[in-house]
Amino acid sequence: MTSTPVLERPASPEGRRPRRVRRTTPRSTLTRGAGLGLGIAMLWFSILVLLPLSAVVAAAAEGGWGRYLSVLQNDQTWAAVTLTVSQAVLVTLVNVVVGTVIAWVLVRDRFWGKRALDVVIDVPFALPTIVAGLVLLSLYGPNSPLGLHWAFTPNAVTLALAFVTLPFIVRTVQPVLEELETDVEEAAASLGAKRSTIFRRIILPSLVPAITAGAALSFARAISEYGSLVLLSGNKPYETEVVSVRVLTFIENGNTASAAALASVMLAIALVVIVLLDVLQRRVSRRG
Amino acid sequence: MSIEVSGLTKKFGDFVALDDVSVSLPTGQLTALLGPSGGGKSTLLRIIAGLDTADSGTVSIEGVDATGLPAQKRNVGFVFQHYAVFKHMTVAKNVAFGLEIRKRPKAEIAHRVEELLELVHLSQFSHRLPSQLSGGQRQRMALARALAVEPSVLLLDEPFGALDAKVRKELRDWLRRLHDEVHVTTVFVTHDQEEALEVADEIVVINEGRVEQVGSPDQLYDEPANDFVMGFLGEVTTLGGVVLRPHDIEVALQPGLAGAVRGTVTRVLRVGFEVRVTVRTGDGDPTAVSAQASPETTVVLTRTHARQLGLDAGTQVWLTPASGATTVSSMAPAGRRAAVTSGV
């Protein structure tokens, strides 16, 4: 059998060598001060984030895999999960395009009212989300002056999520775009590249890390949104009910175990998406 | 003539960067645009490349009117002071960029890139990212990238300006040798007269948006058109009403030659192999109150010569312009456009 030597190879000395090399590198470069800083950072991070998260996961895990399955197999919960995730993805994709365009306009173009627009971009971020819901309801609700009766439909979810996540990509891309040196674009132009080629091959690769960072923020915000949706979407089961509303319902009914299970599922989804975006960013920025 | 520029004017608001500039740059030569910062030389280069547009005037490259052509269509290689590397691409990809744009076959691109990296001595770095290179290496890569598309002219904007003195000197020699190998018409901008004198076949001196003089390094140094060119190409000092170079003055301890100017040494400063001697000329008594207003002349001697003469502060000397020295009258109004006399 030819496969035998292949299977044995990891046990041979050649196979072990990389591990030994890794061990000889210094374990850490921390000085006393830096160690103290790391200690404080970890303590703070643990109290605020790690402990509560593990508490949720632990509470959810008490019921074992069966609990997760039964929660996810509930049709209403599953509908909420798919709605939340698909809307978050949709809105993030829209933001990737629109956010980059807005950042471009704010950095590269000169026009009247540019400063004002630059300030107004942050409004959706600064408004209490319930107010955001109210604002959107007045424009797209039953008394819509535009004749768009989107309240209490899935469109309302898209609208509300797009509203609250708008600034993320604009604000991550803008500083990077400002730092880009124009001589790089001029160099590409003198080598014969058209505007579109310069954008695709020179500018975009430099923006990808910022765009993915903004996309991660935007997606994370979208799957966790609650305030702006409560008013606008009507929380109709199977139609406009999102996960955060579903979790609240579980808690109100005293079913904290199911709430914890659903919460940890969303945690896993958020982690997966953030890791995927990071991988994507490394791929694209390395390709060139 | 490879590049023909005529009547170029460019204003940035109230600031006149170029004022009716006309100049012809010869084919196959290495030309320096030399002048002080803000004199308009970079603007001229950028207009030739199509990266800026002139308010009026025309540019033609190799007989083709390029005035209205965008940068993409001028077939000009441009090298920037701060390298303008494509950060996310490897060295090889950077060099290949222009060829990929032109949709050349893969094998041809690979071959050409290899050739160019060989030329700029970066073969072993082809898979590195620009951030892993030193400044000098980055600029050599930028040069290879510009040469890859076989440009009809190569334009370099202060190419060594961001490098430290030693690397700058190395790259300068290297550029000269490279040009002798490649023979592409090359124009580079510099404010460093030593760089221009050492590297260029021809120098165009530009100041305040105007061309002051065009000529070979020797012509410019020996027959400067005016005191600006004279002053910009090297150190100058005044002696008895003429402007001349400090090393073109003969120092004697006795009043031998006719027309020698008497003076007293006030300061002797040694810099490496040379000695700078400051001499207070004008009449007699160095301790007189009027001495402050009396003119000073700087003389540069070699260490050996100064030691022979035994110069020290207080020594009485007689100064004469050396025979064959380039001098410009310092009496010219406002110091511009002075008459030139060569030899004494």
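The values are calculated or read from the model by the stated rules, or taken from the named source; none is laboratory data. On a predicted model such as this, the values are computed, not experimentally measured, just so you know. A quick note on method: Cβ atoms are made from the backbone with ideal geometry, for glycine too, and the neighbour counts reach across all protein chains shown.
The rows are residues; the columns are (1) farther than 16 Å from A:Thr84 by Cα; (2) not in a loop (DSSP other than H, G, I, E, B).
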| position | (1), (2) |
| --- | --- |
| A:Ile203 | yes, yes |
| A:Ile211 | yes, yes |
| A:Arg221 | no, yes |
| A:Ser228 | no, yes |
| A:Leu232 | no, yes |
| A:Tyr238 | no, no |
| A:Ser244 | no, yes |
| A:Ile251 | yes, yes |
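Would you mind stating whether B:Gly50 is farther than 17 Å from B:Val187 by Cα, surrounded by 22 or more Cβ atoms within 10 Å (Cβ to Cβ) and either within 12 Å of another protein chain (Cβ to nearest Cβ) or at pLDDT 90 or above (or both)? So B:Gly50 does not fit the description; no.
Checking every residue in segment B:98-117 against the condition of being surrounded by fewer than 17 Cβ atoms within 10 Å (Cβ to Cβ), within 14 Å of chain A (Cβ to nearest Cβ) and under 17 Å from A:Val184 (Cα atoms) gives zero matches.
Among the residues of segment A:137-155, is there at least one that is farther than 17 Å from A:Ala103 by Cβ, touching a Gly at 6+ places or on another chain (Cβ under 6 Å), not in a helix (DSSP H, G or I) and not β-branched (Val, Ile, Thr)? Within segment A:137-155 (the criterion being farther than 17 Å from A:Ala103 by Cβ, touching a Gly at 6+ places or on another chain (Cβ under 6 Å), not in a helix (DSSP H, G or I) and not β-branched (Val, Ile, Thr)), the answer is yes, since at least one residue qualifies.
Every condition in (1) under 19 Å from B:Leu257 (Cα atoms); (2) at pLDDT 85 or above; (3) among the β-branched types (Val, Ile, Thr) is met by B:Thr281 except one, and the failing one is (2). Residues in segment B:144-173 that are part of a helix (DSSP H, G or I), in contact with a Gly (Cβ under 9 Å, 6 or more places away or on another chain) and not basic (Lys, Arg): B:Ala146, B:Leu147, B:Ala148, B:Val167, B:Glu170, B:Leu171.
Among strands (runs of 3 or more DSSP E) entirely within segment B:27-110, having at least 2 residues that are under 28 Å from the mean Cα position of the chain (by Cα) and under 29 Å from B:Met230 (Cβ atoms) singles out B:30-34. Applying the set (1) within 14 Å of chain B (Cβ to nearest Cβ); (2) more than 21 Å from A:Phe168 (Cα to Cα); (3) touching a residue at least 40 places away in the same chain (Cβ under 8 Å) to A:Ser190 leaves exactly one unmet item: (3). Report yes if some residue within segment B:301-318 is buried (at least 18 other Cβ atoms within 10 Å of the Cβ), of a type in the set (Ser, Thr, Tyr) and at pLDDT below 90; otherwise report no. Taking every residue of segment B:301-318 in turn, none turns out to be buried (at least 18 other Cβ atoms within 10 Å of the Cβ), of a type in the set (Ser, Thr, Tyr) and at pLDDT below 90.
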